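Have a look at the structure below, then the notes.
The values are calculated or read from the model by the stated rules, or taken from the named source; none is laboratory data. Remember, predicted model here, so these are calculated numbers, not experimental data. Cβ placement follows ideal geometry from the backbone for every residue including glycine, while neighbour counts extend to all protein chains displayed. Heavy atoms of the whole protein, side chains included, go into the accessibility calculation; ligands, DNA and RNA do not. Shrake-Rupley method; radii C 1.70, N 1.55, O 1.52, S 1.80 Å.
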Amino acid sequence: MGILFSPIPGALLALFSLLFYAFFLYSVHRPLTRVIREMKLLLAAKKYSRIFSTRIDEWGVIAHFFNEVT
């Protein structure tokens, strides 16, 4: 009874994890952090800035409506 496939080498798994982490930071964390920071400044009655975005996904929609409200 043999193994049909070999396990994924640790280096390949580490590389995949690093790429996924970089994608997550760029696509999710950075835009969300920017929107939340500007919303906090707005609610604290401090100087905030408009969020300029050319994205057409969910983050772009949130940025657009933040700009519309302010």
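Below are the figures for this structure:
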{"item": "Options (i) 1.09; (ii) 0.98; (iii) 1.32 - which one matches Rg/Rh (Cα atoms, Kirkwood Rh) as calculated here", "result": "(iii)"}
{"item": "Amide H partners (placed H, <5 Å) of Y48, local residues excluded", "result": "none"}
{"item": "Derived scalar couplings ³J(HN,Hα) [the range 35-47; Karplus, 6.51 cos²θ - 1.76 cosθ + 1.60; whole Hz; x for Gly, Pro]", "result": "5, 5, 4, 5, 5, 4, 5, 4, 5, 8, 6, 9, 5"}
{"item": "Residues of the range 7-29 with amide N under 16 Å of a point placed 7 Å along Cα→Cβ from K40", "result": "29"}
{"item": "Longest segment of the chain lacking trypsin sites (Lys or Arg not before Pro) that sit in a DSSP loop with at most 12 other Cβ atoms within 10 Å", "result": "1-45"}
{"item": "Segment T33-Y21, extension gain: residue separation times 0.36 nm, minus the distance between their alpha carbons", "result": "2.7 nm"}
{"item": "Of the chymotrypsin sites (Phe, Trp or Tyr not before Pro) in the range 5-55, those whose Cβ has at most 16 other Cβ within 10 Å and which sit in DSSP loop", "result": "F5, Y48, F52"}
{"item": "Total charge dipole magnitude, the chain, about the Cα centre, Cβ charges on Lys, Arg, Asp, Glu only, Debye to nearest 20", "result": "420 debye"}
{"item": "Accessible surface of the chain [probe 1.4 Å, protein heavy atoms]: carbon and sulfur percent", "result": "72 percent"}
